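S.K.: Once you've had a glance at the structure underneath, I'll fire off some questions.
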Amino acid sequence: MSLDPRTVTVSDFPDWLRAVSTGFLRPYVATDEEVAVRLTHTDLARVQGVFDGDRCVATFRSFAQELTVVGGATVPADAVTAVTVSPTHRRRGLLGRMMAVDLAAAKERGDVVASLIAAEYPIYGRYGFGPAAWATEWEIDVPRSGLDPRRPVPDEADGGRIDLVDGDAVRKLGPELHGRLAARQHGIVSRDARWWQRSTGIEVPAHETWTEPFYAVYRSAGGEVDGLIAYRADDHWGDAKQPLNKATVSDLIAATPAAERALWRFVCSVDWITTVRSGYRAPDDLLPFFLPDPRAARVVTQADFLWLRLLDVPRALEARTWSADASLVLEVHDPAGLAGGRFLLEAAPGGASCTPTTRSADLALDVRELGTLYLGDESVARLAALGRVEELRPGVVAVADALFRAPRRAWCPDVF
């Protein structure tokens, strides 16, 4: 029997959802109502399944996304999600066939990159994806942090204020604030209206248990909302009735360092909270150094997070900004035939041009390594030392290393 991927139909969709749950080791508990709601915001033209008889045994979905690149511009991305192969049908090339269909369609649509969050590291490199942004999570020992619990939050000299708000306010205020953050932080991906609904409990999948977070916003002295935090707290007390509660931050976005600092100080100042989990932040996040004793924040997670696969090398490289003037000829290998070629990159702080060329190459690399380098989060010199970038003109690795790097590390706060 053929095991070729095909586009999922409305009648297929419940079984496709069941296969997704199987792949992610979750019981399938979706109701007819939830299936109907999901269909209203799912583009079935971008949903694939592989069927063995009447049973779905592999799943794949993509959706439209915007990715902020170095310098603040955005590029259209093909966001890949819900990728599963049932344990009975592994090692038959099903994922490879679904990926080929999706990436070819994304290339045809004009998407510049494809993006995903990799559940497992070894899988996606063979399809041209590379880890482009990493994530770090800290756990703060609040009593050790050196923060003075008697000081007001924010500082009186700051002029700003923090207000507790509800989900309705988050849905109204959050999108504009997120847009301001995205304009200055590369690695950020777009959040649509449904993202804000799901994150505030309007639409919760049946397999998840919803607990309402606490929400707070930071308003500057001028009254503008410059920051937002969402956090949950447990209820744990020691034997001597001392509070040992932990706050877990599910979202903290800020348009200014002042707002970011005030919100971290705020969550660390809440009575009874002795531990704060930060959620996924950029590896060079300012958080530890907002504390008088940065050692009070210990790293509990450090891992790859956002993976990228370039689909249009010229448009991708022309979209981002560059730190210096340089001219490089890149030989990009792409076994899938989607983005390979030899390209002349002429970069300058004011802009860049990238065009196909027949000139001799200076640097040779696979498309997955170019994805890793794209957001400026990795060193060309490090990849060369690992044998993953080949220097074809002496000294060009140092030039490319300085050129690709960004002043700050990339950050993607969202799982998708």
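S.K.: Stretch S250-A364 to full length: gain in nm at 0.36 nm per residue minus the Cα-Cα span? Mind dumping the intermediate values first?
M.R.: Details: separation 114, 0.36 × 114 = 41.04 nm, distance 4.03 nm.
Here the answer is 37.0 nm.
S.K.: While we're on this one: What is the spread of the Cα atoms of the chain along each of their three principal axes, largest first, in whole Å?
M.R.: Principal extents (Cα only, largest first): 68, 58, 39 Å.
S.K.: Relative to the Cα centre, what is the charge dipole magnitude of the chain, using +1 at the beta carbon of each Lys and Arg, -1 at the beta carbon of each Asp and Glu, and rounding to the nearest 20 debye?
M.R.: On the way: 47 positive and 57 negative charges, 114 e Å.
With Lys and Arg at +1 and Asp and Glu at -1, about 540 debye.
S.K.: Per 5 Å bin, what percent of the C-alpha pairs of segment 224-366 does each bin hold, from zero upward?
M.R.: 2, 8, 13, 13, 11, 9, 9, 9, 10, 7, 4, 3, 2, 1, 0, 0
S.K.: Turning to a different aspect of this structure: Just to be sure I understand: with springs between alpha-carbon atoms less than 10 Å apart, which residue in T275, T88, T301 has the highest mean-square fluctuation in the Gaussian network model of the chain?
M.R.: Between T275, T88, T301, it is T88 that shows the largest mean-square fluctuation.
S.K.: OK, next. If packing is taken as the average count of other Cβ atoms within 10 Å, what order do 137-148, 32-43 fall into, highest mean first? Kindly include the intermediate steps, with their values, before the conclusion.
M.R.: Values: 137-148: 17.5, 32-43: 12.7.
Put in order of decreasing packing, that is 137-148, 32-43.
S.K.: Suppose R0 equals 30 Å; then what is the FRET efficiency for E176 and R151 from their Cβ-Cβ distance, rounded to the nearest 0.05? It would help to have the intermediate numbers written out before the result.
M.R.: On the way: r = 30 Å, r/R0 = 1.00.
Calculated transfer efficiency: 0.50.
S.K.: Take every DSSP beta bridge with both residues inside segment 3-141 and express the antiparallel ones as a percent of the total, to the nearest 5. Please report the intermediate quantities before stating the final value.
M.R.: Details: 18 of 21 bridges.
In segment 3-141, approximately 85 percent of DSSP beta bridges are antiparallel ones.
S.K.: For E390 and D325, what is the calculated FRET efficiency with R₀ set at 30 Å and r taken between the beta-carbons, to the nearest 0.05? Could the numbers behind the result be given before it?
M.R.: Values: r = 24 Å, r/R0 = 0.79.
My answer for the efficiency is 0.80.
S.K.: Label-point separation (nm) for V37 and R198, each offset 7 Å from Cα along Cα-to-Cβ?
M.R.: 1.2
S.K.: Given a 1.4 Å probe, how much area per residue of segment 191-301 is accessible, in Å²? Numbers along the way, then the final one.
M.R.: Details: 5300 Å² over 111 residues.
Accessible area per residue: 48 Å².
S.K.: Where the accessible area of the chain is counted over protein heavy atoms with a 1.4 Å probe, how much of it, in %, is carbon and sulfur? Intermediate results must be reported in sequence, preceding the final value.
M.R.: On the way: 9890 of 18980 Å².
Using a 1.4 Å probe with all protein chains present, the chain comes out at 52 percent carbon and sulfur.
S.K.: Taking 0.36 nm per residue of sequence separation and subtracting the Cα-Cα distance, how much length would be gained by fully extending the chain between D239 and T209, in nm to one decimal?
M.R.: Working: separation 30, 0.36 × 30 = 10.80 nm, distance 2.89 nm.
Answer, rounded to one decimal: 7.9 nm.
The values are calculated or read from the model by the stated rules, or taken from the named source; none is laboratory data. Please read these numbers as outputs of a predicted model, since none were measured by experiment. Here the Cβ is made from the backbone with ideal geometry for all residues, glycine too, and neighbour counts use every protein chain on show. Each accessible area value is taken on the protein alone, full model and side chains, heavy atoms only, with ligands, DNA and RNA left out. Shrake-Rupley method; radii C 1.70, N 1.55, O 1.52, S 1.80 Å.
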